[in-house]
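Engineer: First the structure, which I've put down as structure tokens, then a few questions once you've had a look.
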């Protein structure tokens with residue numbers, strides 16, 4: 001065997017072996033929505049960080065959709081400073097011993113745990129620029145913002161305080177209507193709230209309603225439509241009966257923008273539709289005018 005054949009047959013020593021290459025993996029750069037808590041827009045389905053949403057007053061930066069705000073978020077955003085919270089002493093009972101898919105106390109406990117609120121209406125007194133104002137806001141997360149006896153109690157207390165101290169009253173309405181678990185007691189709140197609003201009117205104390213998405217049922221039929229001025233947020237759904245119920249009754253398809261804020265503005269039901277970014281300044285200007293104070 002030749003020397004060349006021997007050399008070819010010999011194994012390559014390890015020093016002469018080709019060093020295997022290390023595969024380089026690139027780590028993708030994460031966007032803000034992937035590293036921070038984010039919320040999906042219900043209209044355009046874009047993701048926006050909660051920080052950006054808070055700074056933008058819960059308005060989608062992509063499509064300008066006005067997202068839902070909780071009652072507490074709404075009032076803390078609205079006021080420059082909060083002096084006190086009203087109505088926390090009121091608590092709902094169960095006089096009808098009502099049971100649907102679960103007992104009423106269990107449903108209340110579930111709503112309280114979910115929202116961190118004791119009821120569907122939050123009332124605060126505070127400063128709006130140079131004005132002392134009392135404001136209340138419905139929390140739609142709490143059993144659909146339904147109006148039970150405690151909601152009525154809190155609203156009446158807020159109105160009576162506004163009447164006694166001659167401070168404007170503002171209501172951010174967002175509700176599905178009366179609370180069926182309280183039956184007639186819930187319907188009585190329509191009369192109670194309407195009566196105290198009439199007392200405000202006779203005394204010349206301003207009452208402004210800001211209609212957010214959605215407002216229906218007994219709330220629409222009482223306190224939400226008895227203001228001196230009615231302001232609505234863009235594309236808010238406002239009505240008494242729901243769209244589906246009306247369609248089944250009249251047997252017609254009701255296309256957009258039926259029951260939207262812009263539709264109601266055209267028909268004269270609301271006085272103005274105001275973007276959330278302009279809402280505080282607009283409300284302050286109206287309250288100052290009605291209170292006959294410098295804006």
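Engineer: Filter the range 155-176 down to residues that are over 11 Å from residue 197 (Cα atoms) and surrounded by 24 or more Cβ atoms within 10 Å (Cβ to Cβ) and give me whichever is nearest to the chain's Cα centre (by Cα).
Structural biologist: Selected residue: 174.
Engineer: Taking into account only those residues within the range 191-227 that are under 22 Å from the mean Cα position of the chain (by Cα) and part of a helix (DSSP H, G or I), which is surrounded by the fewest Cβ atoms within 10 Å (Cβ to Cβ)?
Structural biologist: In this case the residue turns out to be 225.
Engineer: Name the residues in the range 54-80 that are in a helix (DSSP H, G or I) and within 19 Å of residue 158 (Cβ to Cβ), would you?
Structural biologist: Answer for the range 54-80, where residues must be in a helix (DSSP H, G or I) and within 19 Å of residue 158 (Cβ to Cβ): 71, 72, 73, 74, 75, 76, 77, 78.
Engineer: Let me ask something else about it. So residue 4 ticks every box in (1) at pLDDT below 90; (2) assigned by TED's automatic domain parsing to the domain that holds residue 149 but one. Which box is left unticked?
Structural biologist: (2)
So that you can scan it fast, the table gives a plain yes or no per residue for (1) within 17 Å of residue 136 (Cα to Cα); (2) free of Cβ contacts under 8 Å to residues at least 40 places away in the same chain; (3) outside the structural domain of residue 162 (by TED's automatic domain parsing):
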{"residue": "208", "(1), (2), (3)": "yes, no, no"}
{"residue": "220", "(1), (2), (3)": "yes, no, no"}
{"residue": "224", "(1), (2), (3)": "yes, no, no"}
{"residue": "228", "(1), (2), (3)": "yes, no, no"}
{"residue": "239", "(1), (2), (3)": "no, yes, no"}
{"residue": "250", "(1), (2), (3)": "no, yes, no"}
{"residue": "258", "(1), (2), (3)": "no, yes, no"}
{"residue": "262", "(1), (2), (3)": "no, yes, no"}
{"residue": "277", "(1), (2), (3)": "no, no, no"}
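Engineer: Just to be sure, is residue 269 assigned to a helix (DSSP H, G or I) and within 30 Å of residue 127 (Cα to Cα)?
Structural biologist: Answer is no for this residue.
Engineer: Picking from 75, 96, 131, which residue would you name as being touching a helix residue (DSSP H, G or I) at 6+ places or on another chain (Cβ under 7 Å) and either within 30 Å of residue 281 (Cα to Cα) or not assigned by TED's automatic domain parsing to the domain that holds residue 283 (or both)?
Structural biologist: None of the other options fit; the residue is 131.
Engineer: For residue 156, indicate whether it is in the same structural domain as residue 121 (by TED's automatic domain parsing), under 28 Å from residue 281 (Cα atoms), assigned to a helix (DSSP H, G or I) and modelled with pLDDT of 95 or more.
Structural biologist: For residue 156, the condition - in the same structural domain as residue 121 (by TED's automatic domain parsing), under 28 Å from residue 281 (Cα atoms), assigned to a helix (DSSP H, G or I) and modelled with pLDDT of 95 or more - is met.
Engineer: Just for the range 244-262: of the residues that are in a helix (DSSP H, G or I) and in contact with a strand residue (DSSP E or B) (Cβ under 9 Å, 6 or more places away or on another chain), which one is surrounded by the fewest Cβ atoms within 10 Å (Cβ to Cβ)?
Structural biologist: 262
Engineer: Given the conditions (1) out of contact with any helix residue (DSSP H, G or I) (no Cβ under 8 Å at 6 or more places or on another chain); (2) outside any loop (DSSP other than H, G, I, E, B); (3) not assigned by TED's automatic domain parsing to the domain that holds residue 284, and given that residue 83 satisfies all but one, which numbered condition is not satisfied?
Structural biologist: It fails just one condition, (3).
The values are calculated or read from the model by the stated rules, or taken from the named source; none is laboratory data. Keep in mind that what you see is a predicted model, and the values were worked out from it rather than measured. Cβ coordinates were reconstructed from backbone atoms using ideal geometry, including for glycine residues, and neighbour counts include every protein chain displayed.
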